[in-house]
Amino acid sequence: SISGSFSAGPGVPAGIKVEGAPAGTSPALLSWVLEVAELTRPDRVVFTDGSDQEWDRLIEHMLGTGTITKLAAKENSYWAASDPTDVARVEDRTYICSVDPADAGATNNWMDPTAMKSIMTALYEGCMTGRTMYVMPFCMGPYDAPNPKLGVEITDSEYVVASMRIMTRMGTKALELINAGNPWVKALHSIGAPLAPGQQDVPWPCNDTKYIVQFPEERTIWSFGSGYGGNALLGKKCYSLRIASVMARDEGWLAEHMLILKITSPAGKVDYLAAAFPSACGKTNLAMLEPTIPGWKVETLGDDIAWMTFGEDGRLYAVNPEYGLFGVAPGTGWNTNPNAMRTIAQGNSLFTNVALTDDGDIWWEGLTEEPPAHLTDWKGRDWTPSGLDEHGRRLDSAGEPSSHPNSRFCTPITQCPIIADEYFEPVGVPISAILFGGRRKTTIPLVTQSRDWQHGVFMGATLSSETTAAATGAVGVVRRDPMAMLPFIGYNAGDYFAHWIDMGKGADESKLPKIFYVNWFRRDADGGFLWPGFGENSRVLKWVIERLDGSAAAVETPIGHVPGEGSLDVDGLGLTADELAAALTVDREEWAAEIPLIEEWFAKIGDSVPTSLRDELDSLKLRLGLS
Ligand code: GTP
Ligand code: SPV
Ligand code: MN
């Protein structure tokens, strides 16, 4: 077990105290730790063990610096407000530094790895001065997986350590697996805010210069300047998607931006679904959905990431590598996502960039119909409700919401009241259907079934969505977001499509998941949602399940199969026939406008787009009568 400390030894830079690393710590890990400590010059180095005592020390520290405020209303739960400039993923500062630029492809920023390392080494020089450098061993997915996916994050942020403790299996057990000789990923993070002697810390230290960098060949991550979620909790997007997608390409599996859920029909038939929607487009909500149709049951397996591998039985098995939920706060309430509410009600959670109530609870837009009369907003200012925004939500007199649109709750997934027992299964669950989905006001019907695997891959590869506040930059702009992985594919997007095609080719088609395309976000002429969404999405899941055995009817359209007359259960929903038709319609004019955007997208990716997907585009145009 891990205990004791040593303050000097061969290679330990003078004046740096190393705590918590016992004899037996992997020499490769120790030498990397010492190399980083020499470069970044922290005051101390602490190996984290994941214990409750360690959590208490981190909390104590962050209460002292003002990083967090204890919530009176929720057990062991805390409110954090970030620097207003550090609120989301920074896609323009994110790089895939492969040796060959062709391996990063047209959708990733690229820089030569040596050049990037020299820039970042200069930034890391002395960057942890005055701070503690934490060495955090972690495991993505169950410890008893056939090949446990280990990593070590070095960070100088207590907020990152505390968040990683919720989001990953972190601490002593992971270190033991590393010490036993299992491979692990090096993940280096610094907020880039050294403290001079005597300098007062700020609540959310960070740096205006930010880099989020993956070195795919070396399975290494370097991150600098941000303390926010996807930029800083390196087990999440950086490892489990960008680096893991490269591992998956090389080893014949898939690392995807997908939720995983278990659904049981009234007859007791169990199916597992995976669904890829872009950031802030509904994964957490669907993963925890409370069905509105009688007799159906949904249980949660994952809300953001799925690793999928073919099992010996020829079926595709999915595992959730995460241990927590890092969910979009606004819009989460008892009406929309009661299971998320029940999860956070149990405490042990961090809330970032939401509003604080006067009685020590959290609030955000959509938590309740109307806000309390007074709040402290995410920027720490007094906030009182005034006018309404276009969705009927309150703003203050300055026209600002109380919570940042990308504010988040970070909470243990094991607290979710509907977590499926199979969450703990090291080989995961066999997937019956994959849903791709986006946020589109027009064009994309509520649900479409693909013709076959290759057509389904085409649907995924051409997936489009309006940008959201989960990344910095403009919101509401339609872009292609292939498989909801645009910011997360760790290699060439065309090669990634080819990998998806190959995964299907190598499999028994009858055992492959069926692929569907959904859109909860189509609007009517007045800008209202055509489909009520949330729990009512269970009706779409029911149609999907009934398509698997062919019991639900479908009509063939040029873009795929949509629900046939009467086959989508809208009992008691109160939708008119016209409203339902508007949600389901395949409009030739809209598709005529969509095709050039798909052509432009394939042109951007270039030669690496597989011929089979170009063929799919050609046949789609033929079916639409556009060629
Ligand atoms: P990331 O964590 O960023 O990957 O997001 P996510 O895909 O998990 O999205 P999430 O479920 O957190 O939903 C994002 C936003 O969309 C929230 O404000 C939700 O309230 C809203 N939303 C989710 N599902 C629906 C739906 O079915 N209909 C509508 N109208 N809004 C939805
Ligand atoms: C996303 O942006 O898709 C998220 C949040 O799930 S983050 O951890 O920032 O990536
Ligand atoms: Mn996500």
**Request:** Report the relative contact order of the range 287-343, percent, no decimals, based on alpha-carbon pairs under 8 angstrom and at least 6 residues apart.
**Result:** 30
**Item:** Angle in degrees between helix 588-605 and the longest Cα principal axis of the chain, rounded to the nearest 10
**Value:** 40
**Prompt:** What shape does the range 203-302 have by the C-alpha gyration tensor, where a ≥ b ≥ c are the square roots of the eigenvalues, rounded means a/c under 1.5, and otherwise prolate means a/b greater than b/c and oblate the rest?
**Reply:** oblate
**Asked** Got a number for carbon plus sulfur as a percent of the range 296-424's accessible area, 1.4 Å probe?
**Response** 48
**Request:** First check a/c for the range 218-361, with a ≥ b ≥ c the square roots of the eigenvalues of its C-alpha gyration tensor; if it is under 1.5, answer rounded, and if not, answer prolate when a/b is larger than b/c or oblate otherwise.
**Result:** oblate
**Message:** Along each principal axis of its Cα atoms, how long is the chain end to end? Whole angstroms, biggest number first, please.
**Reply:** 75, 57, 44
**Fill in**
The Cα radius of gyration of the range 556-627, divided by 2.2 N^0.38 Å with N its residue count, comes to 1.43
**Request:** Taking H placed 1.01 Å from N in the peptide plane, check which residues at least 5 places from GLY302 or on another chain put their amide H under 5 Å from its amide H.
**Result:** ILE260
**Request:** Using Cα positions and a limit of under 14 Å, work out the aspartates and glutamates in reach of LYS269, with same-chain residues fewer than 8 apart set aside.
**Result:** GLU299, GLU546, ASP549
**Prompt:** Along the range 543-559, what does the Karplus equation 6.51 cos²θ - 1.76 cosθ + 1.60 (θ = phi - 60°) give for ³J(HN,Hα), rounded to whole Hz, x for Gly and Pro?
**Reply:** 4, 4, 4, 6, 6, 4, 9, x, 7, 9, 7, 9, 10, 7, 10, x, 9
**Request:** Measure nothing fancy, just the Cα-based angle from helix 611-623's long axis to the longest principal axis of the chain, in degrees from 0 to 90, nearest 10.
**Result:** 40
**Prompt:** Taking 0.36 nm per residue of separation and subtracting the Cα-Cα distance, what length does fully extending HIS391 through GLU600 add?
**Reply:** 72.0 nm
**Item:** Members of LYS441/LYS511; LYS149/LYS262; LYS173/LYS283; LYS236/LYS511; LYS441/LYS514; LYS117/LYS505 lying beyond 32 Å, as alpha-carbon distances in this model show
**Value:** LYS441/LYS511; LYS117/LYS505
**Prompt:** What is the Cα centroid distance between the range 256-291 and the range 13-54, reported in whole angstrom?
**Reply:** 40
**Message:** Among PRO113, ALA88, GLY130, which residue has its Cα furthest toward the positive end of the charge dipole of the range 62-159, with +1 on Lys/Arg Cβ and -1 on Asp/Glu Cβ?
**Reply:** GLY130
**Item:** Global geometry of the range 501-602, whether rounded, prolate or oblate, following the gyration tensor of its Cα atoms and the 1.5 cut on a/c
**Value:** oblate
**Request:** May I ask for the Rg/Rh ratio of the range 1-152, computed from Cα atoms with Rh as the Kirkwood radius, given to two decimals?
**Result:** 1.00
**Asked** Per the Kirkwood formula on distinct C-alpha pairs, the Rh of the range 376-421 is how many angstrom?
**Response** 12.9
**Prompt:** How do 373-385, 331-343 rank on mean C-beta neighbours within 10 Å, highest first?
**Reply:** 331-343, 373-385
**Asked** Taking the highest mean first, how do the peptides 558-569, 272-283 order by number of other beta carbon atoms within 10 angstrom per residue?
**Response** 272-283, 558-569
**Prompt:** How many angstrom lie between the C-alpha centres of the range 71-122 and the range 129-181?
**Reply:** 18
**Item:** For the chain, calculated [θ]222 nm from helices alone, where every DSSP H run of n ≥ 4 adds -39500 (n - 2.57)
**Value:** -7500 deg cm²/dmol
**Prompt:** If Lys and Arg each add +1 and Asp and Glu each add -1, what is the summed charge of the other residues whose beta carbon sits under 11 Å from the beta carbon of VAL475?
**Reply:** 0
**Item:** Principal axes of the range 190-252: Cα extent on each, largest first, Å
**Value:** 52, 19, 16
**Fill in**
Computed over the Cα atoms of the range 440-544, the Rg and Dmax in Å are 15.4, 47
**Request:** May I ask for the net charge around VAL202, where only other residues with Cβ less than 12 Å from the Cβ of VAL202 are counted and Lys, Arg are +1 while Asp, Glu are -1?
**Result:** -3
**Prompt:** Alpha carbon centre of the range 516-561 versus the range 303-355: separation in Å?
**Reply:** 23
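The values are calculated or read from the model by the stated rules, or taken from the named source; none is laboratory data. Nothing here was measured: the structure is a model prediction, and the numbers come from that model. Glycine gets a Cβ as well: all are built from the backbone with ideal geometry, and neighbour counts include every protein chain shown. Only protein heavy atoms, including side chains, enter the accessible area calculation; ligands, DNA and RNA are left aside. Shrake-Rupley method; radii C 1.70, N 1.55, O 1.52, S 1.80 Å.
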